[in-house]
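**Student:** Provided herewith is a single structure, encoded as structure tokens, for subsequent inquiry.
Nothing in this text is a laboratory measurement; each read-out follows from the coordinates by a stated rule. Everything quoted here is computed from the prediction, not taken from an experiment. Every residue, glycine as well, gets a Cβ built from its backbone with ideal geometry; the counts of neighbours run over all protein chains shown.
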Amino acid sequence: MIGRILIGLVAIAAIIGALMLGQGSGTSLTPAPAGQPTDVPGYSARNAEVVETGDDGRPAYTLYARLARQRPNDNRVQLDSPQMTFVIADGSTWHAQARSGQIHPDGVNVDLYGDVKLDGKLSGSPVVIATSIISYDTSSEVARTHAPVTFESPGGQLGATGLVANLKEGSIRLESRIHGTFPPK
């Protein structure tokens with residue numbers, strides 16, 4: 001009788017052990033089919049700072065983000081609270097900040113989203129551009145948006161929809177009908 005109970009307990013223990021071993025780590029050694037996304041996580045970094053240098057070795061731009069996360073399926077990098085500093089060829093400096101952003105897989109294009117502010121000097125006067133989204137091409141040093149923008153300078157404020165800011169050439173073009181406010185002096 002004790003023999004049957006002992007054999008039964010050994011059989012139950014063997015079944016439980018086989019079930020536990022069969023579950024394994026949960027990862028499959030079989031590669032995902034072509035075209036199917038993988039669940040492999042990309043990298044992430046807190047307080048990430050990237051300095052891109054030009055051909056002369058000087059910083060072309062610096063990007064800081066509270067959190068940067070790679071999206072491995074398409075190699076884009078998501079940014080939380082990005083801040084960028086652009087050093088233009090003439091030595092002038094522009095700054096940008098937003099709630100979030102994204103670096104494209106090519107590493108050249110950066111999109112900024114939410115409460116975007118771009119500030120610098122244009123013809124020696126400080127200007128601030130505010131919009132909801134802006135795309136910056138780091139190779140051509142051109143920022144553009146199709147969204148509504150506000151352009152502020154010491155002389156007044158202009159509003160429009162769409163903007164192309166060629167920071168290298170120091171030119172800003174508003175793309176639509178412009179509405180302005182200039183206080184009396």
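**Student:** Calculate the tail of P(r) for the range 61-123: the fraction of all Cα-Cα distances greater than 19 Å, expressed in %.
**Tutor:** 32
**Student:** Treating only the Cβ atoms of Lys and Arg (+1) and Asp and Glu (-1) as charged, compute the dipole magnitude of the range 44-181 about its Cα centre; round to the nearest 20 debye. Spell out each step's value before the answer.
**Tutor:** Values: 13 positive and 16 negative charges, 81 e Å.
With Lys and Arg at +1 and Asp and Glu at -1, about 400 debye.
**Student:** What's the exposure ranking of 137, 55, going from fewest to most Cβ atoms within 10 Å?
**Tutor:** 55, 137
**Student:** Put a dot 7 Å past each Cα toward the Cβ at residue 173 and residue 132; how far apart are the dots in nm?
**Tutor:** Placing both labels 7 Å beyond Cα along the Cβ direction yields 2.4 nm.
**Student:** Right, next: Give the residue from 158, 63, 91 lying farthest towards the positive end of the charge dipole for the range 49-179; charges sit on Cβ (+1 for Lys and Arg, -1 for Asp and Glu) and the dipole is referred to the Cα centre.
**Tutor:** Of 158, 63, 91, it is 158.
**Student:** Among 67, 174, 163, which comes first, second and so on when ranked by fewest other beta-carbon atoms within 10 Å?
**Tutor:** Placing the least packed residue first, the sequence is 67, 174, 163.
**Student:** Next question, about the same structure. For the range 84-150, take every pair of Cα atoms, bin their distances at 10 Å starting from 0, and report each bin as a whole percent.
**Tutor:** Once binned at 10 Å, the Cα pair distances of the range 84-150 give 20, 56, 23, 1.
**Student:** Against the globular-protein guess of 2.2 N^0.38 Å, express the Cα radius of gyration of the range 134-185 as a ratio, rounded to two decimals.
**Tutor:** Normalised by 2.2 N^0.38 Å, the Cα Rg of the range 134-185 equals 1.22.
**Student:** Ok, one more. Give me 103, 178, 88 ranked fewest to most by other Cβ atoms within 10 Å of their Cβ, as a rough exposure proxy.
**Tutor:** Placing the least packed residue first, the sequence is 178, 88, 103.
**Student:** Here's another thing I want to ask about it. Using 0.36 nm times the number of residues separating residue 102 and residue 44, minus their current alpha carbon distance, what extension gain do you get? Could the numbers behind the result be given before it?
**Tutor:** Values: separation 58, 0.36 × 58 = 20.88 nm, distance 1.32 nm.
Fully extending the segment from residue 102 to residue 44 adds 19.6 nm.
**Student:** Volume per residue, Å³, of the convex hull around the alpha-carbon atoms of the range 44-181?
**Tutor:** 101
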